[in-house]
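FYI, it's all coordinate maths here, none of it is from the lab. Note that the coordinates shown come from a computational prediction; the quantities given were computed from them, not determined experimentally. In this analysis, Cβ positions are derived from the backbone assuming ideal geometry, glycine residues included, and neighbour counts consider all displayed protein chains.
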Amino acid sequence: MDKQQRTGESEKDDDGAGILCRFAHLLFPYLEPAGLASVSATCKVLHVVSKAITSSRISDASRCLENYPIPFFNSVDSELYANFIYSPAQTLPTSPSIPWGGGSGRVKPDPFLVRVEGAYGCDCESCDLDSGSNCACMDFSELPTRECGPSCGCGLECGNRLTQKGISVKLKVVKDRRKGWSLCAAEFIPKGKFICQYTGELLTTEEARNRQRLYDKLSKSGHFSPALLVVKEHLPSGNACIRINIDATRIGNIARFINHSCDGGNLSTLIVRSSGALLPRVCFFSSRVILENEELAFSYGDTTVNSTGSQCFCSSACCSGILPAENT
Ligand SMILES: C[S@@+](CC[C@H](N)C(=O)[O-])C[C@H]1O[C@@H](n2cnc3c(N)ncnc32)[C@H](O)[C@@H]1O
């Protein structure tokens with residue numbers, strides 16, 4: 001069998017489509033679904049290549065950047081997957097985009113877990129949560145809000161770094177007829193388990209407000225699902241609060257698919273600090289046992305304080321019927 005028979009390329013293809021085929025692995029990961037569809041219509045070979053890329057996008061929303069693949073399932077309409085740039089860690093708004101398919105299957109260290117000069121950390125070689133360790137970085141509340149970090153003597157294998165090793169539960173993204181995409185458990189999850197961090201572009205409050213105005217407009221004019229999360233932490237003085245603005249609309253991880261539930265859902269939102277790290281991180285833990293196939297949800301906020309006017313379909317017993325808005 002000669003080369004042309006093996007690849008399906010004709011001499012004519014070698015001028016245009018043939019060249020595109022040879023560089024498909026470089027170009028295609030950057031293409032949006034519509035671009036991929038039009039390239040697919042060019043010739044048979046490109047159709048096969050685009051089909052393979054589409055099925056790899058469907059099979060893992062995380063692009064091999066998490067410990068397990070997180071597949072899309074849609075029995076509602078023809079949208080095969082949601083198109084966004086996957087990032088397992090926080091990014092700055094100017095960070096370069098990562099192409100689809102660029103993951104190695106190994107979780108990379110969070111670039112924001114860098115040591116701040118003079119910051120405090122423990123001297124333990126390894127801090128084991130279960131063996132009554134005296135590690136000064138540990139907090140002994142029900143869910144950990146303080147972890148070992150870049151100032152500590154221990155490494156990533158340390159037992160007090162639950163949220164720094166990527167997603168360790170099996171998840172899937174399922175399309176709901178009324179709420180759009182939703183994040184669901186693909187296995188039984190016990191209470192108190194780390195689910196995932198909320199990652200995305202870290203914004204200033206001014207930028208968050210500008211984007212929220214734009215997203216409100218886009219949401220009114222058609223189907224658009226913004227994923228801008230604002231978390232406020234009140235300081236002990238009671239007079240000030242810390243704001244963390246994370247926009248996962250364009251760049252983020254699978255937390256961008258978690259829908260709202262008026263009863264608080266099955267997730268607790270925690271601000272986790274790692275000793276010596278520059279920034280705290282917003283993390284989700286299971287607030288109760290979660291069954292396989294159950295949707296994961298948390299409360300976006302109080303509808304009496306702020307509402308979008310959009311309808312809520314959480315179907316909890318205390319549903320207010322209205323979706324809370326991001327109070328920016
Ligand atoms: C962070 S996104 C969640 C993922 C989203 N469903 C999607 O398809 O990408 C937030 C958007 O999801 C939808 N949503 C979330 N919770 C909902 C609920 N309880 N009822 C109706 N729509 C909901 C709204 O469109 C909201 O603006």
Quiz item: How much length, in nm to one decimal, is gained on full extension between Lys165 and Ala37, taken as 0.36 nm per residue of separation minus their Cα-Cα distance?
Solution: 42.5 nm
Exercise. Could you pull out every residue, at least 5 positions away or on a different chain, whose amide H is within less than 5 Å of the one on Ser87? Hs are placed 1.01 Å off N in the peptide plane, and Pro or chain starts have none.
Key: Gly252, Asn253
Quiz item: Simple spin-label model, 7 Å along Cα-to-Cβ: Asn134 to Ile271 in nm?
Solution: 3.1 nm
Quiz item: Which net charge results when you count Lys and Arg as +1 and Asp and Glu as -1 among the other residues whose beta-carbon is under 15 Å from that of Ser261?
Solution: -2
Practice problem: Would you grab the residues whose amide H sits under 5 Å from the one on Val289? Only those 5+ places off in sequence or on another chain, please, with H modelled 1.01 Å from N. | Solution: Lys191
Quiz item: By per-residue mean of other Cβ atoms within 10 Å, what is the highest-first order of 273-279, 227-233, 146-152?
Solution: 146-152, 273-279, 227-233
Exercise. List every residue whose amide H lies under 5 Å from the amide H of Asp176, counting only residues 5 or more places away in sequence or on a different chain, with H placed 1.01 Å from N in the peptide plane.
Key: Trp181, Ser182
